[in-house]
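Below is one structure; the comments refer to it alone.
The values are calculated or read from the model by the stated rules, or taken from the named source; none is laboratory data. From a predicted model like this one, the values you see are computed outputs, not experimental measurements. Glycine gets a Cβ as well: all are built from the backbone with ideal geometry, and neighbour counts include every protein chain shown. What goes into the accessible areas is simple: the full protein's heavy atoms, side chains included, and nothing from ligands, DNA or RNA. Shrake-Rupley method; radii C 1.70, N 1.55, O 1.52, S 1.80 Å.
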Amino acid sequence: MKQRTLGTGGPSVSAVGLGLMGMSEFYGATDDSQSIATIHHALDIGVNLLDTADVYGAGHNERLLGRALAGRRRDEAVVATKFGSRASADRTTFTVDSTPEYAQQAVDASLQRLGLDHIDLYYLHRRNPAVPIEDTVGALAELAAAGKIRHIGLSEVNANTLRRAHAVHPITALQSEYSLWERGLEAEILPTARELGITVVPYSPVGRGFFSGKITDTATLAPDDYRRFDPRFQGENLQNNLKLAERVR
């Protein structure tokens, strides 16, 4: 497995990471035993960057990863999780909380669910523009100083926010959507990340499964699969995307 260094002086991680979100929700039925076996297989073949978030499955995803890592060597995995996205009890409404106070609460809850004494890479999942990014990153810097997290990441922020955040404390990674059908990072964000020495970690690099070539009709997806409602998988959009995917294939 090829390796990459996150940020400037960050951990060495596998060039291919494993995103765990679908092991808890959004893509249909899940199976914890199969998910844990998948995580173990990933670690066995050298995939050590494991990505979760507190909001995935209302904490289930972090607890799942904690179970998968129990009994394994801590240094086998580089654990990345996130805070800032909050869901209502019925999972129908999502809000963003990037306040320093919530960062303090969220990290402790994540550590407990994961069963770890520190998080290797802690992302702000989404940013509330009403909260200065300097305040949020300042709180994360305090968590790093306390040993609860090792490195700070951001997700889906623009170049200006990335620069402002990095001025407070080094940002190790930026996780944003980037794939053959999502190129929005290229104009300003990628050049800024390169300048600052921040690693870009693309999420959904295979188009939420679209580039597997196996999704040609949403009727084949589970009733609760969120892709049934994603505009890129709908009607004329899907047909146009299938034509483009065929050219790529």
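What to note about this one:
- Among the residues of region 191-249, the ones that are in contact with a Gly (Cβ under 8 Å, 6 or more places away or on another chain) and aromatic (Phe, Trp, Tyr) come to 1 in all.
- The condition of being modelled with pLDDT of 95 or more and out of contact with any strand residue (DSSP E or B) (no Cβ under 7 Å at 6 or more places or on another chain) holds for only one of Gly66, Gly17, that being Gly66.
- Filter result for Tyr56 (modelled with pLDDT under 95 and either surrounded by 14 or more Cβ atoms within 10 Å (Cβ to Cβ) or basic (Lys, Arg) (or both)): no
- Annotation: of all residues in region 92-117 being surrounded by 19 or more Cβ atoms within 10 Å (Cβ to Cβ) and among the polar types (S, T, N, Q), the one that is nearest to Ala144 (Cα to Cα) is Ser110.
- Residue match in region 73-91 (condition: open to solvent by 60 Å² or more (accessible area, probe 1.4 Å), more than 14 Å from Leu124 (Cα to Cα), touching a strand residue (DSSP E or B) at 6+ places or on another chain (Cβ under 9 Å) and assigned by the TED database to the domain that holds Arg127): no
- Count of residues meeting criterion [in a strand (DSSP E or B) and within 12 Å of Thr8 (Cβ to Cβ)] in region 160-199: 2
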